[in-house]
1. So which pairs qualify, if the first residue must be in the range 90-108 and under 22 Å from residue 57 (Cβ atoms) and assigned by TED's automatic domain parsing to the domain that holds residue 127, the second must be aromatic (Phe, Trp, Tyr) and part of a loop (DSSP other than H, G, I, E, B), the Cβ gap must be under 6 Å, and the two must be at least 6 apart or on different chains?
2. State yes or no: is residue 331 buried (at least 24 other Cβ atoms within 10 Å of the Cβ) and either of a type in the set (Asp, Glu) or part of a loop (DSSP other than H, G, I, E, B) (or both)?
3. Restricting attention to the range 3-20, which residues are in a strand (DSSP E or B), in contact with a Gly (Cβ under 9 Å, 6 or more places away or on another chain) and either touching a residue at least 60 places away in the same chain (Cβ under 8 Å) or not assigned by TED's automatic domain parsing to the domain that holds residue 377 (or both)?
4. Would you check which residues across the range 229-253 are surrounded by fewer than 24 Cβ atoms within 10 Å (Cβ to Cβ) and either of a type in the set (Phe, Trp, Tyr) or modelled with pLDDT under 95 (or both) and list them?
5. State all residues of the range 401-417 that are in contact with a strand residue (DSSP E or B) (Cβ under 8 Å, 6 or more places away or on another chain), of a type in the set (D, E, K, R) and within 17 Å of residue 40 (Cα to Cα); if no residue qualifies, say none.
6. Confirm whether residue 131 is surrounded by 19 or more Cβ atoms within 10 Å (Cβ to Cβ), of a type in the set (Asp, Glu) and either within 25 Å of residue 432 (Cβ to Cβ) or in the same structural domain as residue 331 (by TED's automatic domain parsing) (or both).
7. Sort out which residues of the range 260-284 are without any contact (Cβ under 8 Å) to a residue 12 or more places away in the chain and charged (D, E, K, R), and write them in order of number.
8. Go over the candidates 76, 130, 65 one by one and state the one that is in a helix (DSSP H, G or I) and out of contact with any strand residue (DSSP E or B) (no Cβ under 6 Å at 6 or more places or on another chain).
Amino acid sequence: MSLLIKNGLVYIDSSWQEVNILIDGERFVYVGKEDKPADEVMDATGLKIISGIIDPHVHFALYCGTVTSVDDFESGSRSAAYGGVTTIIDFLDPTRNARKLERSFYDRLELAKKCHVDYHFHACIKEPDGDLEEYVLMMKKLGMNTIKLFTTYSETRRRTYDPDIIKLLELTKKYNFLVTAHIENDELVSLKPEYACTYISEARSSECEYSEALKLAGFAKQTQGYLYMVHCSSGETLSRLINQYGDILGKHFYVESCPQYFAFNKEVLNSEQGYLYTFAPPLRSKQEQELLIKNINYVNTIGTDHCSFMSSDKKNHPSLVGHPLGIGGIESSFVVMHKLFGDQIIDKMTKNIADLEGFSQKGRIFAGKDADLAFIKEVDEYPIGKPHGTCDYSVYEGIKVKEKIVHTMLRGRFILKDEQFLGGQGELINCDKEVKF
């Protein structure tokens, strides 16, 4: 079946164009001015159309030591569809060697079969006890080009130490992959039993982040390897990276941030429901938030770090130690960020991620690529409501916006139509064998 979408305003090459989109099966076959014949015609008058959004950072069904995040691959991807997200990247459970990595991959793959959108995984390493090159080769064999590591969480034995980080960065040149790092200085993290969960911004200070970020950027420059910093929380971190490592930023060192760090600052932690805004790295000062907003051009990608817990799970664990850290956000990420930054945010949520991950079939509206689309309608201002996943709240509830995702298409089929969820069958996507940064 072929479908011609006409009269919409389509985002191509960083501009809005009045073009028709012809889809045959799962792919775009024509994008241009001609009125091509098709089995069906859709009139998209009044709608803006962008490539399906890619969320490079989600945690579905993640056990955090006390409870498991409540959005699994089914409910999390349902929520994703309402946000125009057509591809998500989740994380394998952290492993120490290649053999355990392979087992972790197939365990996670089984859970992901319920996913309504396309999916991919980051390999995830901790305290490696095997050969690192063998680990990389197993990752590549399984179709991945990213290895996530933590520079903190030594208390749960998830940390990877500097010598292994340097070795992995050296290997990125040989095998063309990204070291994807949660960057906090473990020695500066202060976890005391008496700390309340809302004290998290002091317990995991900005210095924790920027001191470690500068050190690892130095490793990337020293090795000429490829490093990707996840969820940059502080404008101070980003500003220091620009000043000291601007020559490799966007070339050997890439920065991801999340909507929560632009939308909120740590003052909200002092509110009556401050416990709902807890995640790591935490919210920063208003000044650091403003500095992050000012330097948005240096942020390469936007991910949500979607890791949702019920409000009762948060409230019932008031101490920082043992508190479930994480929030949802996949459903509201685009409308929140588009309101704040306009069209400059689109590439950071689509093609930039596709390019870094090696998804040659994703991220652009172009003949031959997967027909993944999000349709945006401008509406009267309204407050964001509760999400359509499992979680009973969203930190973005009540934020007023003037647009909605009304349709979401995955590989030529609507999974959301007229704001009604139709469901879909996501597929595992592997990275391109050769990725060039």
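1. 90/60
2. So residue 331 passes the test.
3. Once the filter is applied, which keeps residues that are in a strand (DSSP E or B), in contact with a Gly (Cβ under 9 Å, 6 or more places away or on another chain) and either touching a residue at least 60 places away in the same chain (Cβ under 8 Å) or not assigned by TED's automatic domain parsing to the domain that holds residue 377 (or both), the range 3-20 yields only 3.
4. 245
5. Residues satisfying the conditions are 411, 417.
6. Numbers: surrounded by 19 or more Cβ atoms within 10 Å (Cβ to Cβ): no; of a type in the set (Asp, Glu): yes; either within 25 Å of residue 432 (Cβ to Cβ) or in the same structural domain as residue 331 (by TED's automatic domain parsing) (or both): yes.
Answer is no for this residue.
7. Listed by number, the list holds a single entry, 272.
8. 76
The values are calculated or read from the model by the stated rules, or taken from the named source; none is laboratory data. Quick caveat: nothing in here was measured; it's all calculated off a predicted structure. Quick reminder, even Gly has a Cβ in these numbers, built from the backbone with ideal geometry, and neighbours come from all protein chains shown.
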